[in-house]
Amino acid sequence: MSYLGNIVSSVQTVFEGLTITFSHLFREPMTIQYPDRTPIPVKDTLPLRYRGFLDVQTDICTGCTLCQKACPIDCILIEAGKDPELGQRVMTRFAVDLSKCMYCGLCTEPCPTGAIRFTREFEAATYDVKTLVREYILNGEKIVPYKAPKK
Ligand code: SF4
Ligand code: SF4
């Protein structure tokens, strides 16, 4: 009798399991196909103070290097020096290595002009990690640092 009872119990258990499995065939899916089938762009669902990739607005950058000094893991590389042709200080490189960045925000805090700030961009999938080094001064350009008005 217990032998038969075990068989019945096994069939019952399998049936219960399959009931749950089959019930999912008739339910609305809980998952959303990202990124092409989201009802609204994911960027529009992010909180206001979301920290995405850093961006640098070079035309208001004073070249003070405070952001570079504040970064605890050396993500920011600024090259600046006196240009003999122009006779003044210029920036020749401003790069941020997003592959190292931990989005702590320490670089944005000391910036006197808000030139370095977070964006709402977050999609960084890449086959080549080197593409995550964002260069803000390209083609050998020389940028004269911004001088904020005295007021
Ligand atoms: S957010 Fe933090 S880790 Fe990223 S560059 Fe700024 S200071 Fe460095
Ligand atoms: S981004 Fe801001 S903190 Fe960094 S060098 Fe430019 S002005 Fe200075």
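Values as computed for the structure displayed
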read-out: Qualifying residue in the stretch 103-116 (condition: without any contact (Cβ under 8 Å) to a residue 24 or more places away in the chain and either of a type in the set (Phe, Trp, Tyr) or assigned to a loop (DSSP other than H, G, I, E, B) (or both)); value: no
read-out: Failed criterion for Asp128 (all others in (1) at pLDDT 95 or above; (2) charged (D, E, K, R); (3) surrounded by 14 or more Cβ atoms within 10 Å (Cβ to Cβ) hold); value: (3)
read-out: Scan of the stretch 115-151 for residues that are more than 18 Å from the chain's Cα centre (by Cα) and not β-branched (Val, Ile, Thr), ordered by number; value: Leu138, Asn139, Gly140, Glu141, Lys142, Pro145, Tyr146, Lys147, Ala148, Pro149, Lys150, Lys151
read-out: Residues of the stretch 117-151 satisfying the condition of being touching a residue at least 60 places away in the same chain (Cβ under 8 Å), under 14 Å from Arg93 (Cβ atoms) and not in a loop (DSSP other than H, G, I, E, B); value: Arg134, Ile143
read-out: Residues being within 21 Å of the chain's Cα centre (by Cα) and either at positive phi or among the acidic types (Asp, Glu) (or both) - total across the stretch 57-94; value: 1
read-out: Single residue of Leu98, Leu77, Leu86, Leu106 found to be within 14 Å of Val144 (Cβ to Cβ), out of contact with any Gly (no Cβ under 7 Å at 6 or more places or on another chain) and either more than 7 Å from ligand 2 (Cβ to nearest atom) or among the acidic types (Asp, Glu) (or both); value: Leu86
read-out: Residue selected from the stretch 81-101 under the condition surrounded by 20 or more Cβ atoms within 10 Å (Cβ to Cβ) and aliphatic (A, V, I, L, M), by the criterion farthest from ligand 1 (Cβ to nearest atom); value: Met91
read-out: Unique residue being within 13 Å of ligand 1 (Cβ to nearest atom) and surrounded by fewer than 17 Cβ atoms within 10 Å (Cβ to Cβ) when the list is Ile73, Ile116, Ile78; value: Ile73
read-out: Test: residue in the stretch 88-95 that is at pLDDT 90 or above, touching an Asp or Glu at 6+ places or on another chain (Cβ under 6 Å) and among the polar types (S, T, N, Q); value: yes
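The values are calculated or read from the model by the stated rules, or taken from the named source; none is laboratory data. Computed from a prediction, not measured in an experiment: that's the story for all the values here. Ideal geometry is used to build each Cβ from the backbone, glycine not excepted, and the neighbour counts take in all protein chains shown.
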